[in-house]
Amino acid sequence: MFYYYVAIAGIKKLNEMEKNILLTLIKEIMVFPLLEIDDDLLIAQDSKEKSFSWQEFINSTNSEFLSNLKLYESNYFNDLKALKTNLKTIFKKDVFKETYNNDITLLYGHIRSYLNEDLKKEVFKSLYNDKEFLKSIKIYLLNNQNTSLSAKQANLHRNTLINRINKFEKITGYNLKNYQEAVFIYLLLKE
């Protein structure tokens, strides 16, 4: 069994009814929730059994309450001791910059600071201004390099997408079938 926690900042600005609704929602979503409120922070720990999008949860909660709550979702831990150790250290980082954060979004944010337009122009070369072309490459990467699904989503023939992938490699020198190179290109296209 895996364990995880979510931390929600900004609950002081909620009225009592909103706090109670928030706590009730979390209790309904989580399997065996352990809730703790510390000043302006709500920490909810649970075992991982249900598939759920905390990002959608915080966005819909904010729109319902007209609030600016911020949520951090932890990684999964093998035991509660590891979770508790992580809880003690994580808040030394600024995890509440965005409405929703987890370790992946924090890493993307850190990497994003190194990405700039000059690097994109250098990597994409003559394809830099071809937004439709680059969008089809991004769709391909978002779909785990599945050409059939990506072609359908990009509204292209499968062979057209394959030709674009080959053209991309020929012009840029980056092979989208190579994991490391694909991740690098994805991070450039993510912005």
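The values are calculated or read from the model by the stated rules, or taken from the named source; none is laboratory data. Not measured: the values here are computed from a predicted model. Neighbour counts are summed over all protein chains in view; Cβ atoms, including those assigned to glycine, are modelled from backbone coordinates with ideal geometry.
Brief remarks on what is shown
- Criterion applied to N166, N159, N175 was being at pLDDT 95 or above, surrounded by fewer than 17 Cβ atoms within 10 Å (Cβ to Cβ) and not in a helix (DSSP H, G or I), and the one residue passing it is N175.
- Of all residues in the stretch 102-114, one or more are over 30 Å from S47 (Cα atoms) and more than 16 Å from the chain's Cα centre (by Cα).
- Output for the stretch 90-120, where each listed residue is among the polar types (S, T, N, Q), at pLDDT 85 or above and farther than 25 Å from E56 by Cα: N116
- Flag for F32 being surrounded by 17 or more Cβ atoms within 10 Å (Cβ to Cβ), part of a loop (DSSP other than H, G, I, E, B) and not polar (S, T, N, Q): no
- Just one of (1) within 15 Å of Y174 (Cβ to Cβ); (2) exposed (fewer than 15 other Cβ atoms within 10 Å of the Cβ); (3) touching a helix residue (DSSP H, G or I) at 6+ places or on another chain (Cβ under 9 Å) fails for E122. It is (3).
This table checks each residue for (1) touching a residue at least 12 places away in the same chain (Cβ under 8 Å); (2) within 30 Å of K190 (Cβ to Cβ); (3) assigned to a helix (DSSP H, G or I); (4) in contact with a Cys (Cβ under 7 Å, 6 or more places away or on another chain).
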position: E18; (1), (2), (3), (4): yes, no, yes, no
position: E56; (1), (2), (3), (4): no, yes, yes, no
position: N86; (1), (2), (3), (4): yes, yes, yes, no
position: H110; (1), (2), (3), (4): no, yes, yes, no
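So that you can scan it fast, the table gives a plain yes or no per residue for (1) closer than 20 Å to I171 by Cβ; (2) in the same structural domain as L176 (by TED's automatic domain parsing); (3) among the small types (G, A, S); (4) within 18 Å of the chain's Cα centre (by Cα):
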site: S67; (1), (2), (3), (4): no, no, yes, no
site: K70; (1), (2), (3), (4): no, no, no, yes
site: T99; (1), (2), (3), (4): no, no, no, yes
site: E132; (1), (2), (3), (4): yes, yes, no, no
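- Residues (of a type in the set (S, T, Y) and within 15 Å of Y174 (Cα to Cα)) located in the stretch 134-155: Y140
- S51 among the polar types (S, T, N, Q), assigned by TED's automatic domain parsing to the domain that holds K13, surrounded by fewer than 13 Cβ atoms within 10 Å (Cβ to Cβ) and not in a helix (DSSP H, G or I): yes
- Residues of the stretch 2-16 satisfying the condition of being of a type outside the set (A, V, I, L, M), touching a residue at least 24 places away in the same chain (Cβ under 8 Å) and not in a helix (DSSP H, G or I): F2, Y3, Y4, Y5, G10
- Every pair of residues 6+ apart whose Cβ atoms lie under 9 Å, when the first sits in the stretch 126-138 and is part of a helix (DSSP H, G or I) while the second is β-branched (V, I, T) and surrounded by fewer than 17 Cβ atoms within 10 Å (Cβ to Cβ): S126/I171; L127/I171; S136/T160
- So T24, is it among the polar types (S, T, N, Q) and surrounded by fewer than 11 Cβ atoms within 10 Å (Cβ to Cβ): yes
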